[in-house]
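The values are calculated or read from the model by the stated rules, or taken from the named source; none is laboratory data. Note that the structure is predicted; figures quoted are calculated from it, not measured. Heads up, the Cβs are rebuilt from the backbone with ideal geometry, glycines too, and the neighbour counts pull from every protein chain shown. Only protein heavy atoms, including side chains, enter the accessible area calculation; ligands, DNA and RNA are left aside. Shrake-Rupley method; radii C 1.70, N 1.55, O 1.52, S 1.80 Å.
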Amino acid sequence: MRLPGHCGYAGAAHTATATRDRRASWILPRDLSSTPAARRLVRAQLAAWGYGEHSELAELLVSELIANALRHGVGEPVVTLSSSGGVLRGEVADASPALPQVQHMPEEECGRGLLLVEALSRDWGVERTGAGKAVWFELDV
């Protein structure tokens with residue numbers, strides 16, 4: 001399900017897994033230090049996959065989703081990167097069933113994250129999961 005509009009997510013990593021199908025996932029603590037940790041993890045993973053030139057944009061988008069997860073979500077956020085068929089997908093999942101809302105007239109500091117994700121990604125959306133929801137974006141690589 002694709003829903004337009006919501007705020008971002010944030011987190012720091014303590015577990016990581018990677019498989020041969022170009023998929024990596026990290027469970028991040030519910031702490032503000034998770035945002036810079038997630039950026040480092042994304043940068044390192046994309047460099048390992050040969051997508052280093054896409055890391056700045058992917059880091060920004062993951063940072064926005066992590067910030068939203070910390071601000072509005074429940075539990076530890078989970079960051080997942082996957083790559084298939086020339087498309088990089090980043091997602092941040094949390095245990096809240098509440099779906100994000102894009103704020104087309106954001107006030108002050110809140111409300112711009114999903115507008116950035118919408119403007120800078122090839123596509124984005126939100127999916128319900130068994131534990132809550134996952135907000136995702138895609139980039140051409």
| Between region 116-141 and region 18-54, what's the alpha-carbon centroid distance in Å? | 16 Å
| Using θ = phi - 60° and the Karplus form 6.51 cos²θ - 1.76 cosθ + 1.60, what ³J(HN,Hα) does each residue of region 79-91 get, whole Hz, x for Gly and Pro? | 9, 10, 10, 9, 9, 7, x, x, 10, 9, 10, x, 8
| Taking region 17-101 on its own, what percent of its Cα-Cα pair distances exceed 17 Å? | 43 percent
| request: Give, to the nearest whole percent, the P(r) tail of region 45-141 beyond 15 angstrom, counting all Cα pairs. | output: 59 percent
| Quick one: Karplus J couplings for region 26-31, per residue in order, coefficients 6.51, -1.76, 1.60, θ = phi - 60°, nearest Hz, x for Gly and Pro? | 9, 8, 10, x, 7, 8
| note | Counting only residues 5 or more apart in sequence or on a different chain, those whose built amide H sits under 5 Å from that of Val102 are Gly5, His6
| request: Provide the FRET efficiency to the nearest 0.05 for the Gln101-Ala44 pair, computing r from the beta carbons and using R0 = 25 Å. | output: 0.20
| query | Along region 128-141, what does the Karplus equation 6.51 cos²θ - 1.76 cosθ + 1.60 (θ = phi - 60°) give for ³J(HN,Hα), rounded to whole Hz, x for Gly and Pro? | reply | 6, 10, x, 9, x, 8, 10, 9, 9, 9, 10, 10, 6, 10
| query | What accessible area, in Å² to the nearest ten, does a 1.4 Å probe give for Arg40? | reply | 130 Å²
| message | So if each residue of separation counts as 0.36 nm, and I subtract the Cα-Cα distance between Ser33 and Glu56, what length gain in nm does that give? | response | 6.4 nm
| request: Mind giving me the FRET efficiency for Val87 and Thr129? R0 is 22 Å, r the Cβ-Cβ distance, nearest 0.05 is fine. | output: 0.65
